[in-house]
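Each remark here refers to the structure printed beneath this line.
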Amino acid sequence: MPHNERRAKQRFPSQLPIFITDNLAAREIQGQTRDVSSEGVFFYVKTWPLEQTRIEIRMALPLGILPAKNVFISCKGWVLRVESEAQRTGIAATLESVTFVNAASP
């Protein structure tokens, strides 16, 4: 039986460093993305305790995506799903209020 994809937005595979601030515990956790869309992101971290947590996300765009160097995406979102694995935890989260931040001059 074919798998029915429920996502409306195209996802782009990417392995980018990501920094997540858990607003509940006020801590920053580093992880790595698996894929990104215009409305969400799936990333891996070592551990994550809660679903439905409000988070802030910061990640660097790869060079060549935009003309400027060192461009970061800063956004807020919600943890939608937590998938525990043996060595890591997968997190599906929404992306809201996305802002592009140029960390240095081109």
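Derivation of every value follows stated rules applied to the coordinates shown; laboratory data play no part. These numbers come from a predicted model, not from an experiment.
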Built amide H within the under 5 Å cut-off of Ser14, gap 5+: Asp35, Val36
Radius of gyration and maximum dimension Dmax of segment 12-102, Cα, Å: 12.6, 39
